[in-house]
Amino acid sequence: MQNFIVDRWLPDEDSLVNVKSEWFIKGLFLYEVVRTYNKLPFALNKHYDRLLHSAEYMGVEKAVPDFDMLVSLVMEGIEKNKTNNELRIRLVLAGQNLLLLYEELPVMSKDIYELGVKVGISPFHRPSEYIIPGKIKLIGAPWSFLTRTKLGEYYDLLLLNEKGEVCEGSFTNVFLVKEETLITPHEASGILPGITRENVLDLARALEMKVEVRSVMAWELFVADELFLTHTSAGIVPVRRLENKVLIEEFPDGYTRILMDNFEGYVMTREDNWKGIKL
């Protein structure tokens, strides 16, 4: 794969960094992960806005190119990395340096959609919005990094905040369904408001589902009728088992199935997901 490393396109084997750089030593890494649909970068404008917000908070906003320049670079990389598969693109702001890292999007097993996955509760906590702004996306955030070391048999582990409210997984957002209401933790709980999460919420409203974005306590997960996760690479992932509680006896159904069946068509036809991209 060809990667954009500080103003140059380099192959994987030559994509090196100076380990004595200040940004490397201090861990000044902000990032976004973008996937392609039909070789086009999904919601690049929304990822750009979130990266810029993080950069402004950290005082390195001058390192972020304007949106049109980013679109040009991302599309150039897609052209350089021709493949039959979709791509995953990491936009990394390393101090004052922009890196674009390309790889093939991992092929998701059909089992995660047809059978669902097992999740648990993380032994670590994620700070609420009152402690650390949730929209800042840092590589190596300790609560996420430590949680991923404990995944074991679990697809992901869900983090609670210091008040015992549900936040998110180590790389996912979480939704539950109870009494025909779709519920997800609000931003104040301490979440990275995912782009896929946003699309799912808007899709649910378009389908006239009842939606609540609010504080969610851990016990509510265990009395939910349905649970599912969302993240960039896989879209919507149904949860078969939470710890030892079985939520799916056979196949995903209910709101989860309806949203899964409509998700890709919705994101592909929603105009603001493709702002600045020539379709």
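The values are calculated or read from the model by the stated rules, or taken from the named source; none is laboratory data. All values reported here derive from a predicted model rather than from experimental measurement. Backbone-built Cβ (ideal geometry, glycine too); neighbour counts: all protein chains shown.
What the table shows:
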quantity: Selected residue (criterion: surrounded by the most Cβ atoms within 10 Å (Cβ to Cβ)) from residues of the range 34-53 that are in contact with a strand residue (DSSP E or B) (Cβ under 9 Å, 6 or more places away or on another chain) and under 19 Å from Gly95 (Cβ atoms); calculated: Tyr48
quantity: Residue selected from the range 162-176 under the condition in contact with a helix residue (DSSP H, G or I) (Cβ under 6 Å, 6 or more places away or on another chain) and among the polar types (S, T, N, Q), by the criterion farthest from Ala218 (Cα to Cα); calculated: Ser170
quantity: Qualifying residue in the range 54-70 (condition: within 19 Å of the chain's Cα centre (by Cα), crowded, with 17+ Cβ neighbours inside 10 Å and modelled with pLDDT under 95); calculated: yes
quantity: Of residues in the range 71-88 being of a type in the set (Lys, Arg) and at pLDDT 95 or above, the one nearest to Leu101 (Cα to Cα); calculated: Arg88
quantity: Qualifying residue in the range 145-156 (condition: crowded, with 22+ Cβ neighbours inside 10 Å, modelled with pLDDT of 95 or more, closer than 23 Å to Met217 by Cα and over 14 Å from the mean Cα position of the chain (by Cα)); calculated: yes
quantity: Extreme residue, surrounded by the fewest Cβ atoms within 10 Å (Cβ to Cβ), among residues of the range 159-185 that are more than 23 Å from Asp202 (Cα to Cα) and of a type in the set (A, V, I, L, M, F, W, C); calculated: Leu160
quantity: Pairs with Cβ under 6 Å, 6+ apart, first in the range 169-190 and within 23 Å of Pro123 (Cα to Cα), second β-branched (Val, Ile, Thr) and not in a helix (DSSP H, G or I); calculated: Asn173/Thr230; Phe175/Thr184; Leu176/Ile183; Thr184/Val213; Pro185/Val166; Pro185/Ile191; Pro185/Val216; His186/Val213
quantity: Test: residue in the range 186-194 that is touching a Gly at 6+ places or on another chain (Cβ under 9 Å), crowded, with 23+ Cβ neighbours inside 10 Å and of a type in the set (Ser, Thr, Tyr); calculated: yes
quantity: Among residues of the range 244-273, those that are in contact with a helix residue (DSSP H, G or I) (Cβ under 8 Å, 6 or more places away or on another chain) and either surrounded by 14 or more Cβ atoms within 10 Å (Cβ to Cβ) or within 30 Å of Leu70 (Cβ to Cβ) (or both), counted; calculated: 11
quantity: Hey, Leu221 more than 26 Å from Pro133 (Cβ to Cβ) and either among the aromatic types (Phe, Trp, Tyr) or modelled with pLDDT of 95 or more (or both) or not; calculated: no
